[in-house]
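Peer 1: Can you read through this structure? Questions will come right after.
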């Protein structure tokens with residue numbers, strides 16, 4: 001039996017049978033040749049076969065090895081063929097130059113193909129990194145970023161323009177975020193305009209740097225930022241999903257959205273940038289947020305996530321063909337409820353938060369998914385509704401203020417018509433109560449009437465003026481007590497000086513504040529002063545007055561103690577001044593304590609603080625009436641005399657009048673003479 005012959009395939013490709021600019025493919029029992037990209041077969045008759053595209057053309061039928069000869073190739077002139085077909089390989093401002101097996105695109109000045117010589121030339125906007133038509137940047141370090149990026153942009157357009165701009169994309173990206181960290185690390189950014197400028201410059205820089213990155217995916221992180229950039233290059237636009245993520249956010253979109261439907265520049269880019277500490281700089285500017293009322297309650301807003309920017313190479317990002325989904329991690333874990341909801345918002349060009357084109361897709365305690373039809377910088381806002389306690393606070397406020405207003409009316413009538421207590425100190429109390437009455441009346445009627453804006457600003461300005469007036473008259477009381485103890489003669493203050501100080505000083509402060517920052521009067525929640533600096537035009541004078549009064553009261557008590565220990569003290573006078581001082585100190589504590597809680601309330605304080613503020617504010621008039629009227633023996637005597645006149649029968653009063661002898665009349669006249677408590681002092 002003959003031996004079996006085992007045959008094995010011969011690898012003909014090892015014999016270099018196909019010639020130059022070709023690639024040999026071995027097959028079972030044969031082989032075939034394929035032209036490299038940029039070449040086609042030259043059969044000598046002038047006819048040429050279609051060029052094979054590497055990796056995409058199906059293998060042709062393997063030729064008979066006996067008939068194989070070397071394949072002759074010739075270069076494809078892509079520039080000429082594109083021109084014959086009226087194609088545009090290099091763009092309007094690009095010049096196509098054929099090379100052996102390929103071609104180059106030479107871009108005109110102002111255009112670039114980002115170093116990829118077989119890509120369409122794209123226009124550069126280097127002016128976006130200059131100050132042309134924009135305010136001079138006030139952020140320290142932003143000018144350095146602008147200078148670096150402008151040099152880089154000019155170098156792409158004209159390599160001889162700036163040597164520094166020739167740095168590759170990875171180096172530029174590192175420098176960009178080092179500069180961004182230098183800007184953000186000192187603390188919050190000052191104004192909304194500065195925030196908008198910073199966000200815009202960083203986004204423009206990523207658009208310029210991204211196409212020059214070496215890798216398809218690039219991640220970098222600093223103490224202030226996290227960024228991931230994805231880039232795809234090729235002769236045709238990429239397709240498929242995009243998923244970018246970091247610790248605080250996730251982006252889900254697709255390459256068709258990222259590239260856009262316009263002219264394809266040879267690359268597509270998508271970037272997700274998260275700012276780690278920028279939320280404190282943008283926790284304001286909620287004026288544009290409307291339509292979020294719930295059961296008649298306007299919410300207060302605060303930032304509930306990191307600020308995230310999304311950048312794509314698509315030049316038309318204001319109206320995308322498909323929604324982009326952004327998942328944002330909450331700063332604190334809270335579930336939505338009747339008192340809390342999450343709002344997807346973006347930072348618009350005017351430097352304020354807006355919700356146009358964005359909506360909440362879903363949300364849980366830790367994350368919110370936002371779906372947006374345009375791209376910008378995004379964040380999740382937390383809308384807080386005081387649903388549970390609004391009714392209770394309103395009831396307490398209305399009842400308490402009604403009682404307070406009645407008590408203040410009694411105080412005003414008492415100080416105006418009670419002859420036995422007339423004097424400088426009574427005049428001060430009278431106008432203090434007038435200011436407090438008007439302030440409480442405006443507070444009751446208009447503190448929550450935030451619409452229209454002009455009316456709300458007027459209410460805020462009036463509250464500012466009259467509450468400052470209350471504290472100014474309280475300061476005058478401290479000055480008067482000091483003069484009564486220190487000065488023996490001429491202890492009173494002239495009425496003209498009282499009125500100029502009591503009403504003129506608050507007016508001056510309000511006028512200056514309204515000129516400097518008129519938009520600071522009125523907020524989304526209250527008709528009061530905004531928390532972005534203007535509030536200190538109230539708290540500043542109040543703190544100054546309280547400190548001065550504390551000094552006056554300390555000196556007064558000290559001098560009183562000295563007089564009590566003197567050899568011949570006027571005890572009645574000293575006891576009276578001591579009583580005046582105690583009531584003045586108690587009055588200062590009540591008013592001052594109210595605004596301590598008021599400061600916390602208007603800065604999103606707790607419900608307990610809101611109730612304490614409301615109770616103290618509502619009972620001020622009652623407490624003033626108690627201290628200055630009911631606890632004063634002279635006033636109580638006047639009340640008793642008045643009530644006796646009202647309640648005594650008419651007939652008895654006539655009989656008493658007819659039987660009154662001259663001596664008793666004279667005695668009564670002496671008792672009702674012009675001697676007052678303060679004049680005796």
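The values are calculated or read from the model by the stated rules, or taken from the named source; none is laboratory data. Owing to the predicted nature of the structure, the values given are computational and were not obtained by experimental measurement. Note: ideal-geometry Cβ built from the backbone for every residue, glycine included; neighbour counts use all protein chains shown.
Peer 1: Name the one entry in 283, 334 that is part of a loop (DSSP other than H, G, I, E, B) and within 22 Å of residue 223 (Cβ to Cβ). Please lay out each step first, then the result.
Peer 2: Values: 334 fails: within 22 Å of residue 223 (Cβ to Cβ).
The match here is 283.
Conditions (1) at positive phi; (2) buried (at least 19 other Cβ atoms within 10 Å of the Cβ), marked per residue:
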position: 180; (1), (2): no, yes
position: 189; (1), (2): no, yes
position: 193; (1), (2): no, no
position: 198; (1), (2): no, yes
position: 220; (1), (2): no, no
position: 228; (1), (2): no, yes
position: 234; (1), (2): yes, no
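Residues are listed down the side, and each one gets a yes or a no for (1) under 26 Å from the mean Cα position of the chain (by Cα); (2) closer than 17 Å to residue 232 by Cβ; (3) in the same structural domain as residue 233 (by TED's automatic domain parsing):
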site	(1), (2), (3)
269	no, yes, yes
284	yes, no, yes
305	yes, no, yes
311	yes, yes, yes
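Peer 1: Checking residue 233 against (1) without any contact (Cβ under 8 Å) to a residue 40 or more places away in the chain; (2) closer than 19 Å to residue 314 by Cα, which test does it fail?
Peer 2: Answer for residue 233: the failing condition is (1).
Peer 1: Next question. Can you list the strands (runs of 3 or more DSSP E) lying wholly within segment 1-117 that have 2 or more residues being modelled with pLDDT under 70, surrounded by fewer than 11 Cβ atoms within 10 Å (Cβ to Cβ) and within 58 Å of the chain's Cα centre (by Cα)?
Peer 2: Working: elements: 22-27, 30-35, 39-41, 73-75, 94-99, 102-107.
In segment 1-117, there are no strands (runs of 3 or more DSSP E) which contain 2 or more residues that are modelled with pLDDT under 70, surrounded by fewer than 11 Cβ atoms within 10 Å (Cβ to Cβ) and within 58 Å of the chain's Cα centre (by Cα).
Peer 1: Sort through 357, 351 and tell me the only one that's crowded, with 16+ Cβ neighbours inside 10 Å, assigned by TED's automatic domain parsing to the domain that holds residue 207, closer than 27 Å to residue 207 by Cβ and touching a residue at least 60 places away in the same chain (Cβ under 8 Å).
Peer 2: Exactly one residue qualifies, and that residue is 351.
Peer 1: A further question follows. Report, ordered by the first and then the second residue, all pairs with beta carbons closer than 6 Å, sequence separation of six or more or different chains, a first member in segment 309-334 that is in contact (Cβ under 8 Å) with a residue 60 or more places away in the chain, and a second member that is surrounded by fewer than 19 Cβ atoms within 10 Å (Cβ to Cβ) and assigned to a loop (DSSP other than H, G, I, E, B).
Peer 2: Pairs found: 320/373.
Peer 1: Restricting the search to segment 449-463, which residues are buried (at least 17 other Cβ atoms within 10 Å of the Cβ) and either touching a residue at least 60 places away in the same chain (Cβ under 8 Å) or farther than 24 Å from residue 523 by Cβ (or both)?
Peer 2: Selection gives 450, 456, 457, 459, 460, 461, 463.
Peer 1: Please go through segment 312-340 and give me each residue that is surrounded by fewer than 19 Cβ atoms within 10 Å (Cβ to Cβ) and under 18 Å from residue 289 (Cβ atoms), ordered by number.
Peer 2: Answer for segment 312-340, where residues must be surrounded by fewer than 19 Cβ atoms within 10 Å (Cβ to Cβ) and under 18 Å from residue 289 (Cβ atoms): 336, 339, 340.
Peer 1: Which is at pLDDT 90 or above, closer than 22 Å to residue 403 by Cα and either over 40 Å from the mean Cα position of the chain (by Cα) or not assigned by TED's automatic domain parsing to the domain that holds residue 543 (or both), of 430, 498?
Peer 2: Checking each option against the conditions leaves just 430.
Peer 1: While we're here: Give the residues of segment 464-498 that are without any contact (Cβ under 8 Å) to a residue 24 or more places away in the chain, over 21 Å from residue 551 (Cβ atoms) and part of a helix (DSSP H, G or I), sorted by residue number.
Peer 2: 496
Every residue, every condition in (1) within 22 Å of residue 447 (Cβ to Cβ); (2) surrounded by 19 or more Cβ atoms within 10 Å (Cβ to Cβ); (3) modelled with pLDDT of 65 or more, yes or no:
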| position | (1), (2), (3) |
| --- | --- |
| 527 | yes, yes, yes |
| 533 | yes, no, yes |
| 540 | yes, no, yes |
| 575 | no, no, no |
| 599 | yes, no, no |
| 603 | yes, no, no |
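Peer 1: So is residue 342 touching a strand residue (DSSP E or B) at 6+ places or on another chain (Cβ under 9 Å) and free of Cβ contacts under 8 Å to residues at least 40 places away in the same chain or not? Step through it out loud before you land on a result.
Peer 2: Values: touching a strand residue (DSSP E or B) at 6+ places or on another chain (Cβ under 9 Å): yes; free of Cβ contacts under 8 Å to residues at least 40 places away in the same chain: no.
So residue 342 does not fit the description; no.
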